[in-house]
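To start, the structure under review is shown below, and the notes come after it.
The values are calculated or read from the model by the stated rules, or taken from the named source; none is laboratory data. In this text the structure is predicted, and so the values were computed from the model without any measurement. Cβ atoms come from the backbone with ideal geometry, glycine included; neighbour counts cover every protein chain shown. Surface accessibility is based on the protein's heavy atoms, side chains included, excluding ligands, DNA and RNA. Shrake-Rupley method; radii C 1.70, N 1.55, O 1.52, S 1.80 Å.
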Amino acid sequence: MIGVDIGTTSTKAVLFDESGNVISQENIGYPLHTPDISTAVQDPEEIFQAVLQALTNVIKKSGCSQNEIAFISFSSAMHSVIAMDDNDHPLTPCITWADNRSEAWARKIKDERNGHEVYRRTGTPIHPMSPLSKITWLVNEQTEIADKTKKYIGIKEYIFKKLFNEYVVDHSLASAMGMMNLKTLDWDEEALTIAGISQDQLSTLVPTTSVFKNCQLEYANQIGISPKTSFVIGASDGVLSNLGVNAIQKGEIAVTIGTSGAIRTIIDKPQTDKKGRIFCYALTEDHWVIGGPVNNGGVVLRWIRDEFAASELETAKRLGIDPYEILTKIAERVRPGSDGLLFHPFLAGERAPLWNSDVRGSFFGLTLSHKKEHMIRAALEGVIYNLYTVFLALVECMDEPVTRIQATGGFARSEIWRQMMSDIFDADVVVPEVYESSCLGACILGLYAIGKIESFDAASQMIGNTYTHTPNEDAVKEYRELLPIFISLSRKLEEDYSRIAAYQRNISKKI
């Protein structure tokens with residue numbers, strides 16, 4: 001079985017046997033275009049080609065025959081929007097979750113258009129990431145595009161349209177659009193009215209367990225599969241990550257840090273938050289995922305690598321090792337708490353818990369005694385501090401106490417970052433050996449969809465070995481002193497964040 005995860009920076013395909021062992025894997029990267037501080041777009045065709053290439057390579061590497069592939073199941077990043085014309089060609093690039101151009105419209109929906117009540121029904125906080133905000137912006141400000149638009153779709157819908165010539169969206173990705181009513185599993189009339197579109201401009205809603213066959217012959221031949229191979233539409237990367245790390249029982253929490261990050265737990269019916277801090281997305285009709293996403297995960301470490309670490313990059317190249325490994329080794333030289341240096345990691349605005357695209361990153365507490373290694377460690381700590389504030393909001397909305405924290409995503413490769421999470425959260429953190437939890441989650445959902453398993457409990461047999469990190473008491477003590485300062489600062493600076501963001505937007509217009 002093959003799990004495909006269409007991510008922000010790459011598409012991964014992993015071929016598993018039915019016990020969850022990895023047979024072969026492939027990862028094809030592509031750029032995120034950010035020509036200014038508000039824009040973050042990709043070429044949908046480039047992503048489609050990456051999906052084809054990843055599937056082709058993963059099958060070729062494994063030596064599997066056509067008949068040995070039970071199914072292909074999909075995971076995908078959320079919140080993307082592509083406007084399609086009457087000829088099913090894209091009128092826009094793929095506008096990703098990180099694109100903030102709809103920021104003014106998100107504020108308008110929140111303040112003037114009953115946004116909070118729409119959130120309570122649809123589960124997606126009102127924010128520029130949300131397709132509701134993006135489509136409202138396109139309809140009102142990009143009228144030459146909106147006038148020609150037949151459909152507003154996301155990246156997985158684009159890929160399924162190419163493969164099966166149908167516009168379909170699974171309940172999971174639809175629940176992340178801010179336009180699907182969680183109770184009726186249908187498009188929400190008020191949300192459509194706010195966006196200024198009709199129901200027929202969106203895809204047909206289908207369960208996450210829907211199976212498609214008869215893939216277009218040219219693509220089936222290219223990939224090396226039978227056109228009759230089952231394709232399971234699957235769900236979003238976030239909810240599938242919970243499945244892939246076996247965080248599916250009450251009180252179990254999954255933390256993911258990839259380019260961005262999130263904290264999530266599974267419940268059995270939809271629920272939103274009176275304070276509007278958390279999302280609620282569908283996995284199946286009996287499994288709902290609540291939690292909070294952050295914009296600033298691994299992207300912060302990438303920024304540190306690119307802007308601070310030219311000599312370390314050179315060293316890594318010469319030694320043939322991963323530059324991130326060198327960066328985390330450097331961070332290890334510094335005591336927990338970075339000698340009182342705090343980093344607010346809001347380089348890309350922020351979603352949970354602040355839901356404010358104007359917040360900006362900053363170092364606080366810098367002195368002449370701080371060195372580059374302090375800044376690197378403070379940046380790593382800042383990402384976890386921020387996730388911890390989301391964890392506090394999530395715990396407030398849960399009915400049961402937290403029983404276990406499972407961590408996954410690219411950050412899980414770094415032992416220091418995993419230990420940091422255990423220390424800051426003051427809890428045991430369990431890390432599965434298989435990092436690609438969304439791909440495994442997609443396959444577990446696929447097994448459920450084709451009737452091979454009767455419940456998701458089978459996940460516990462499939463995740464293989466795990467590592468457990470336990471909190472270091474001395475480190476916990478340091479972080480307990482610093483966390484209130486981190487939280488207090490981000491709240492007090494709200495007005496100044498807006499002022500500096502407005503200044504930056506004006507500057508970018510002049511340039």
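Within region 151-225, which trypsin sites (Lys or Arg not before Pro) sit in a loop by DSSP and count at most 16 neighbouring Cβ atoms inside 10 Å?
Passing both the DSSP loop test and the Cβ count: Lys183, Lys213.
Taking the Cα-to-Cβ direction at Lys60 and at Thr184 and moving 7 Å from each Cα, how far apart do the two end points lie in nm?
It works out to 4.9 nm between the two label points.
Just in region 68-173: which GluC sites (Glu not before Pro) are loop by DSSP and have at most 15 other Cβ atoms within 10 Å?
The qualifying sites are Glu166.
Once a ≥ b ≥ c are taken as the square roots of the eigenvalues of the Cα gyration tensor of region 356-511, is the result rounded (a/c under 1.5), prolate (a/b larger than b/c) or oblate (a/b not larger than b/c)?
Prolate, since a/c reaches 1.5 and a/b exceeds b/c.
So what does Ile500 come to for accessible area, using a 1.4 Å probe and Å² rounded to 10?
80 Å²
Set the Förster distance to 35 Å, then compute FRET efficiency between Ser498 and Glu307 from the Cβ-Cβ distance, nearest 0.05.
0.90
How far apart, in nm, are the 7 Å Cα→Cβ label points at Gln142 and Asp17?
4.7 nm
Between rounded, prolate and oblate, where does region 144-247 land on the alpha carbon gyration tensor, with a ≥ b ≥ c its root eigenvalues, rounded for a/c under 1.5, else prolate if a/b exceeds b/c?
oblate
Once you place label points 7 Å from the Cα toward the Cβ at Ile416 and Asn67, how far apart are they in nm?
Between Ile416 and Asn67, the simple spin-label model gives 5.3 nm.
Considering only C-alpha atoms, what is the centroid distance from region 25-51 to region 134-157, in Å?
Taking the Cα centre of each part, region 25-51 and region 134-157 sit 19 Å apart.
Rank these by accessible area, largest first, 1.4 Å probe: Val206, Val395.
Result of the area sort, largest leading: Val395, Val206.
With +1 on each Lys and Arg Cβ and -1 on each Asp and Glu Cβ, how big is the dipole of region 1-112 about its Cα centre, in debye rounded to the nearest 20?
300 debye
Using a/c under 1.5 as the rounded threshold, could you call region 306-441 rounded, prolate or oblate? The axes a ≥ b ≥ c are square roots of the C-alpha gyration tensor eigenvalues, and prolate needs a/b larger than b/c, oblate otherwise.
oblate
May I ask you to derive the FRET efficiency for Val211 and Leu32 from their Cβ-Cβ distance with R0 = 25 Å, giving the value to the nearest 0.05?
0.20
At 0.36 nm per residue, and after removing the present C-alpha to C-alpha distance, how many nm does the segment from Asp339 to Thr204 gain when stretched out fully?
Gain in length upon complete extension: 43.2 nm.
Just report the Cα centroid separation between region 414-467 and region 1-23, whole Å.
13 Å
Take the solvent-accessible surface of the protein heavy atoms, probe 1.4 Å, and return the percent of it on region 358-511 that carbon and sulfur atoms account for.
Of all accessible area on region 358-511, carbon and sulfur atoms account for 51 percent.
Go through (1) 64, 51, 49; (2) 75, 48, 47; (3) 108, 66, 42 and flag the label whose value is the computed Cα extents along the principal axes in Å for this structure.
Comparing each candidate, only (1) matches the computed number.
Given R₀ = 45 Å, what would the calculated FRET efficiency be for Ser369 paired with Met398, taking r from the Cβ atoms and rounding to 0.05?
Rounded to the nearest 0.05, the efficiency is 0.60.
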